[in-house]
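Enquirer: This structure is in structure tokens; I'll ask about it shortly.
The values are calculated or read from the model by the stated rules, or taken from the named source; none is laboratory data. Since we're looking at a predicted model, the values are computed, not measured. Here Cβ is always computed from backbone atoms with ideal geometry, including for glycine, and neighbour counts include all displayed protein chains. To get the accessible areas, we keep the full protein, side chains included, count just its heavy atoms, and leave off ligands, DNA and RNA. Shrake-Rupley method; radii C 1.70, N 1.55, O 1.52, S 1.80 Å.
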Amino acid sequence: MAVFSKSQVPQFSVEVYQNEYLPEGGREVNAIVTVTSTGGGTTGGVPLRQASPPPSESDRGPAAGVVIMVDCSGSMDYPPKKLRNARDATAAAIDTLRDGVAFAVVAGTHKALEVYPGGGRLAVADPATRTQAKGALRALTAGGGTAIGTWLRLADRLLSSTDLAIRHGILLTDGRNEHESADELRAALDACAGRFTCDARGVGTDWEVKEVTGIASALLGTADIVADPGGLAADFTRMMENAMNKEVADVALRLWTPVGVEIKFVKQVAPTVEDLTGRRTEAGPRAGDYPTGSWGDESRDYHICVQVPEAGIGQEMLAARASLIVPAADGGAPEVLSHGLVRAVWTDDMAASTSINPQVAHYTGQAELAQVIQQGLEARKSGDFDGATAKLGRAVLLAARSGNEDTAKLLSKVVDVVDAATGTVRLKAKVADADEMTLETRSTKTVRVKK
């Protein structure tokens, strides 16, 4: 089992927000589970995977590894500064690597090529290897097609070449995945899921939003647009800093439910909306694990909805137990980091049973906001302007109601807002591709409940 020294044990807490009261005959229970990770990090955000007794410093290998995948297809030469900016961004990311972190750089076209260090292995970051890696970036040239699945599979092989606690990828593309089928990309994502996390970025406006967001979703990373290639260096630096701050990998949200309780859905709802329902893996009688990826000092919210058996007034039951777990290195019982309980209580007090918990109400609206933005943009692309106006108007109303100012600003570049409070809007006659793609890419980003 992974063991942390007492001075750097990350602390996890679980808080449950819900209205546990149900009316007679009521069966649906909703709860927001807030998970917070704090502390740890005497190693600068990199955990020590130790046995007992711990090995000496000289015996420890790298605890974290990162593979940077850079699109080098022919389109990266149009304009030429795009590839130059990509090189500069990769160099900035390499400079952000902490000493002792394993890393590699991959050039992606219709095939995947190891740029540094080569030989199917990872380098270990120090002043010398960072300098060598940045020198190797001069060999990056544009040419060929795009087959992202091959890039991901090579990243997986490289990250698997060393025993690592944290395994992460950074992927940049500027075009559509035209040199492999959607099924081939999906097979690669399925093969890599759970093996490493990956942040994906689209540069310019010629790439496919659903491809980039799908990669990040499958590999539990972030997705975003960098419309101006000049912004790549700053974005890559932020991504690498975030990766360096991860302290615990392979954390799962385990839900145990009593006999007769059915799980309707499990969603991450902050900082982004991500449906985890279909990612459940069985973990014993009436228990299932939902992947959450790697954690640093951060907090995330999850919406759990379960259906309980009917019960009479005055009865109560445990509807679910939510636990944060990490697998044991020796294959034994997983370590429970923290847990919280979801309850159901039947009452004839109408005021109690009809009250909606503020967190549940807020995140139900945030999930709907993400959905109606995507539906509205799809309707607009298909020529259904009435449907697009209705959906995007609803999005404006929800963004205003929840205080999601960033999304409201993005929406205002796609629609003219007549009255945000009622969701009255008009579609803009002309919308820049970058504005539409930014709204679609960031549609799942949420804001938390205002205290």
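Enquirer: Counting only residues that are open to solvent by 10 Å² or more (accessible area, probe 1.4 Å) and either of a type outside the set (Phe, Trp, Tyr) or in a strand (DSSP E or B) (or both), how many does region 75-96 have? Let's see the steps before the verdict.
Expert: Step one: of region 75-96, the residues open to solvent by 10 Å² or more (accessible area, probe 1.4 Å) are 75, 77-82, 84-85, 87-88, 91-92, 95-96.
Imposing the further condition that a residue be either of a type outside the set (Phe, Trp, Tyr) or in a strand (DSSP E or B) (or both) reduces the set to 75, 77, 79-82, 84-85, 87-88, 91-92, 95-96.
The total comes to 14.
Enquirer: Could you list, ordered by first residue, the pairs with Cβ atoms under 7 Å in which the first is in region 385-411 and on the phi < 0 side of the Ramachandran plot and the second is surrounded by fewer than 22 Cβ atoms within 10 Å (Cβ to Cβ) and among the acidic types (Asp, Glu), at least 6 apart or interchain?
Expert: So the pair list comes out as 398/368.
Enquirer: Mind checking which residues of region 242-259 are assigned to a loop (DSSP other than H, G, I, E, B), modelled with pLDDT under 95 and open to solvent by 60 Å² or more (accessible area, probe 1.4 Å)?
Expert: Within region 242-259, just 245 meets the criteria.
Enquirer: Here is a list: 153, 167, 186. Which entry is under 29 Å from residue 100 (Cβ atoms), modelled with pLDDT of 95 or more, out of contact with any strand residue (DSSP E or B) (no Cβ under 6 Å at 6 or more places or on another chain) and open to solvent by 40 Å² or more (accessible area, probe 1.4 Å)?
Expert: Only one candidate passes the filter, namely 153.
Enquirer: Another one. Can you tell me which condition residue 336 does not meet? The list is (1) within 24 Å of the chain's Cα centre (by Cα); (2) closer than 21 Å to residue 275 by Cα, and all the others hold.
Expert: (2)
Enquirer: Scan region 382-391 and tell me whether some residue there is open to solvent by less than 50 Å² (accessible area, probe 1.4 Å) and within 23 Å of the chain's Cα centre (by Cα).
Expert: No, region 382-391 contains no residue that is open to solvent by less than 50 Å² (accessible area, probe 1.4 Å) and within 23 Å of the chain's Cα centre (by Cα).
Enquirer: Quickly run through region 260-281 and pick out the residues that are in contact (Cβ under 8 Å) with a residue 60 or more places away in the chain, open to solvent by less than 50 Å² (accessible area, probe 1.4 Å) and not charged (D, E, K, R).
Expert: Those that are in contact (Cβ under 8 Å) with a residue 60 or more places away in the chain, open to solvent by less than 50 Å² (accessible area, probe 1.4 Å) and not charged (D, E, K, R): 269, 270, 272, 273.
Enquirer: Given the residues 141, 146, 131, which is the only one that is among the hydroxyl-bearing types (Ser, Thr, Tyr) and in a helix (DSSP H, G or I)?
Expert: Exactly one residue qualifies, and that residue is 131.
Enquirer: Grab the helices (runs of 4 or more DSSP H) fully contained in region 384-451, keeping just those with 2 or more residues being under 22 Å from residue 201 (Cα atoms) and of a type outside the set (Phe, Trp, Tyr).
Expert: Numbers: elements: 385-402, 405-411, 433-441.
Answer list for region 384-451: 405-411, 433-441.
Enquirer: Considering 318, 377, which residue is surrounded by 13 or more Cβ atoms within 10 Å (Cβ to Cβ), over 29 Å from the mean Cα position of the chain (by Cα) and either hydrophobic (A, V, I, L, M, F, W, C) or modelled with pLDDT under 95 (or both)?
Expert: 318
Enquirer: Next up: Select, from 222, 237, 292, the only residue that is among the polar types (S, T, N, Q), open to solvent by 40 Å² or more (accessible area, probe 1.4 Å) and either under 30 Å from residue 378 (Cα atoms) or within 18 Å of the chain's Cα centre (by Cα) (or both).
Expert: Numbers: 237 fails: open to solvent by 40 Å² or more (accessible area, probe 1.4 Å); 292 fails: open to solvent by 40 Å² or more (accessible area, probe 1.4 Å).
Only one candidate qualifies: 222.
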